[in-house]
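Before any comments, here is the structure.
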Amino acid sequence: MKPRRFPWFSYTVIVLGGFLMVFPFLDMLASSFKGPADYNRMHYAFLPEQFLLDNYGTAFEKLKLGLLFRNSIIKSVATTVLVLLTSSLAGYALTKLRFRGRQLTFRFILATMMFPGFLFLIPNFYIMVHFPLVGGNDLFGEGGDGGMAQYRLALILPFAVSAFGIFLMRQFILTINDAYIEAARIDGASELRIFFQLILPMTVPALATLAIFEFIGSWNEFIWSLLMYTVNTELATLPVGIQQLKSHLDASMTQPLVNAAMVISTVPILLVFIFLQKYYIRGLTNTGLKE
């Protein structure tokens with residue numbers, strides 16, 4: 001096999017592509033230390049004239065970042081855990097259990113992925129507001145002042161099940177040899193014990209991959225959180241709070257605070273990816289299209 005004559009070209013393309021991807025984040029980081037004078041200048045400058053650390057303290061005060069951060073963490077972590085549990089359980093049932101209508105059920109789940117998410121906004125909102133026996137509602141979901149939409153559970157429940165997560169886990173579990181499961185059944189293990197003690201440890205790469213997708217998607221989700229914000233302002237998440245500040249008229253005063261808040265909001269995403277990245281490629285490569 002002949003070596004490449006121009007390896008520098010590939011390296012140049014990779015470095016250039018990496019720089020183009022990282023530059024917006026670096027610009028946001030540098031802008032988080034800028035003051036109003038930097039935004040009133042006619043020309044663009046990457047670095048601020050004077051680094052201001054006060055933007056982060058002001059962002060915590062003006063945006064109530066403590067509340068926003070707590071809501072986002074609770075929503076993202078709870079949603080991710082529920083999706084991992086429901087997806088792995090459904091994936092196991094659709095691959096290793098024999099029951100009538102299994103293939104039809106799986107095809108129905110895949111069909112739901114074709115519908116855009118905004119189609120379910122109004123039905124889900126109606127369900128949360130008129131949830132029976134919650135938030136002052138009666139048995140028929142009437143008479144209350146917001147129902148389930150008053151509580152943080154409203155940020156979590158609509159996203160507790162993921163069709164993509166079920167598909168991903170099913171495809172990964174298909175690669176597990178049935179002999180392990182049959183041996184456990186012969187030894188008298190129940191299906192739940194087989195699932196939690198045998199299947200889950202073998203699906204860690206797929207679980208980590210799904211966790212990355214779900215945590216990032218839940219952390220950045222905006223429209224549903226904005227709907228819940230209209231019912232209870234205490235349910236605001238970081239994307240909603242940052243957007244509310246961006247609507248301020250004086251951009252020179254608010255933009256540094258917005259950038260500081262956005263830098264803070266990226267920290268959990270980076271940490272999740274750093275801790276789970278070693279499983280990411282394994283999860284994708286092992287999740288084939290075996291049928």
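List of remarks:
- Straight-distance candidates among the aspartates and glutamates for linking to residue 64, with alpha-carbon spacing under 17 Å and chain neighbours fewer than 8 residues away dropped: 54, 234.
- Chymotrypsin sites (Phe, Trp or Tyr not before Pro) within the range 16-121: DSSP coil, no more than 11 neighbouring Cβ in 10 Å: 44, 46, 99
- Scaling the Cα radius of gyration of the range 93-167 by the globular reference 2.2 N^0.38 Å produces a ratio of 1.42.
- The percentage of C-alpha pairs in the chain whose separation is greater than 35 Å is 38%.
- A simple spin-label model places the labels of residue 46 and residue 266 1.4 nm from each other, with each point 7 Å out along Cα-to-Cβ.
- Dipole of the range 53-286 [Lys/Arg +1, Asp/Glu -1 at C-beta], most positive-end residue of 154, 258, 171: 171
- Under 15 Å from the Cα of residue 246 - aspartates and glutamates, other chains or at least 8 residues apart: none
- Along the chain, counting only trypsin sites (Lys or Arg not before Pro) with a DSSP assignment other than H, G, I, E or B and at most 13 other Cβ atoms inside a 10 Å radius, the longest segment between sites is 101-289.
- The aspartates and glutamates whose alpha-carbon is closer than 12 Å to the alpha-carbon of residue 96, local same-chain residues fewer than 8 away aside, are 178, 182, 191.
- Helix-only CD estimate at 222 nm, as mean residue ellipticity for the chain, using -39500 (n - 2.57) per DSSP H run (n ≥ 4): -21000 deg cm²/dmol
Each value in this text was obtained by applying a stated rule to the coordinates, not by laboratory testing. Bear in mind that the values here come from a model prediction, so they are computed numbers and not experimental data. Reconstructed Cβ throughout: ideal geometry from the backbone, glycine too, with neighbour counts over all protein chains shown.
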